[in-house]
Structure formats: C-alpha cells, structure tokens
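These notes are about the structure you will find just below.
Every number in this text was worked out from the coordinates using simple rules, so none of it is lab data. Owing to the predicted nature of the structure, the values given are computational and were not obtained by experimental measurement. Heads up, the Cβs are rebuilt from the backbone with ideal geometry, glycines too, and the neighbour counts pull from every protein chain shown.
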Amino acid sequence: MRNWAVAAAFLLAGCVAAGEKIYLTNAAGERVECGAPQRAALPAAEYRAMAEMANDQVRACIEKYAKAGYQLDVPAVPLKTAVYAVAGPLHDRGMTGLIQGLMVVQGTKGKFGFQRPDGIVCEGSFATFGSGESALLVRYRDVVGISFSTDGMLKGMALGSCTNGAQFQGEYFVSPGTNNGFGVATDSDGNVYKALSQ
C-alpha cells in the first residue's frame with residue numbers, strides 16, 4: 001500500500017488549492033469528506049499555527065480512510081497546453097507554430113495528448129511528485145528559452161509514445177495550488193519541445 005501519510009502531506013503542501021475540499025471514495029461508492037487544506041491568512045505565527053492544526057486534522061482523516069481502502073476522489077480537469085518545437089527535425093522543417101496540447105488533470109497525475117505538425121499523434125501519462133532538478137531543463141534551457149526560477153515549484157514527469165513508434169518524455173514545473181507552469185520535452189525522433197500551460 002502507498003505511504004498515505006506522505007501522499008496526504010504532499011496534497012496539503014500545494015497540490016490541492018487552499019479551501020478546496022478533499023473527498024475519498026470506496027469501492028461501494030461511499031464518499032467521505034476530509035475537510036480542506038488551509039493556508040495562513042496572515043504571516044503571524046498564530047495564524048500559521050491555526051492553519052497547521054486544521055491541516056493535521058485533514059491529514060489524519062485521509063490516512064484513516066485510505067487505510068480502510070478509500071481512494072482519493074479528485075475530479076478530472078481538462079487543461080490546454082501550448083507546445084512548440086524548438087529544435088530538431090520539426091523545427092528544421094519550419095514547423096515551429098503552436099501545437100495545441102490537451103492534458104486531463106486528476107489531482108497530481110493525468111493523461112496528455114497532442115498532434116505534431118507532421119500529423120503524428122503523441123499520447124501518454126504524467127505525474128507531479130515533488131521538487132527537484134530537471135535534467136531536461138538544465139540540458140535545454142538555452143534552446144527552449146525558459147529562464148524562470150523553479151524555486152518553490154513542484155516537479156513532474158511525462159512519458160508517452162507517438163503513432164510512428166517514437167517515445168516521448170518531458171519534465172515540467174507547476175506552481176503549488178495551480179496548473180500554471182512550463183516544461184521541456186524530447187522525443188526519440190530528435191525533437192525538442194517547450195510547453196506552457198494556458
């Protein structure tokens with residue numbers, strides 16, 4: 001079984017917006033509410049302590065029901081993503097315009113898909129899992145022209161395949177509690193992409 005204490009803490013750290021209720025559902029369709037994560041309204045220590053106390057109660061509720069077989073019940077949210085080929089064969093052929101991508105976000109994971117300018121369709125899955133360095137962003141920072149700081153952002157990874165057999169991988173960063181972010185991706189055809197959530 002997953003470490004639900006870690007999963008709960010991660011959700012409360014920013015993957016669920018402050019004030020948004022968290023629900024869990026079991027196999028029989030029974031649904032329970034575990035409250036909503038809180039953020040201190042003011043920086044004073046007493047406000048932070050009150051928010052943390054409320055979050056401890058939400059965290060305990062999630063752990064209790066998860067251990068009883070309940071799953072986090074997070075609605076799927078469609079999200080448009082702007083993808084651009086910035087290096088490689090597509091770029092060299094002048095196919096540098098907007099590629100409209102679609103992500104279906106469900107909590108900290110989901111599915112993505114987009115059609116390259118040459119008609120090839122790429123699809124796969126992604127997951128946001130914490131903070132850290134991005135090997136792709138370090139390698140291609142100058143190519144993609146992304147100079148934003150990733151301090152305080154959550155990191156994720158996307159893996160997929162394309163209809164011509166090419167493999168696709170990406171790394172991205174999002175601001176906690178939002179779907180706003182940016183990413184870098186490559187495929188085994190030699191293309192490099194930058195992505196911006198819209």
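Summary table below
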quantity	calculated
Under 27 Å from K21, Cα to Cα: lysines that are on another chain or at least 8 residues apart	K64, K67, K80, K109, K111, K155
Check: segment 76-197 dipole with +1 on Lys, Arg Cβ and -1 on Asp, Glu Cβ, in debye	220
Exposure proxy order (Cβ contacts within 10 Å, fewest to most) of M50, M103, M157	M50, M157, M103
Additional length obtainable on full extension of the chain from V32 to Q100, 0.36 nm per residue less Cα span	20.8 nm
Cα-based shape type of segment 76-197, given that a ≥ b ≥ c are square roots of the gyration tensor eigenvalues and the cut on a/c is 1.5	oblate
Cα gyration tensor category, rounded, prolate or oblate, for segment 108-155 with a/c compared to 1.5	oblate
Full-stretch length increase - V121, S161 - with 0.36 nm per residue and alpha-carbon distance subtracted	13.6 nm
Difference of contour (0.36 nm per residue) and Cα-Cα distance, K67 to K109	13.0 nm
For V86, V121, order by how many other beta-carbon atoms lie within 10 Å, fewest first	V121, V86
Where labels lie 7 Å past Cα in the beta-carbon direction, separation of R93 and M53 in nm	6.3
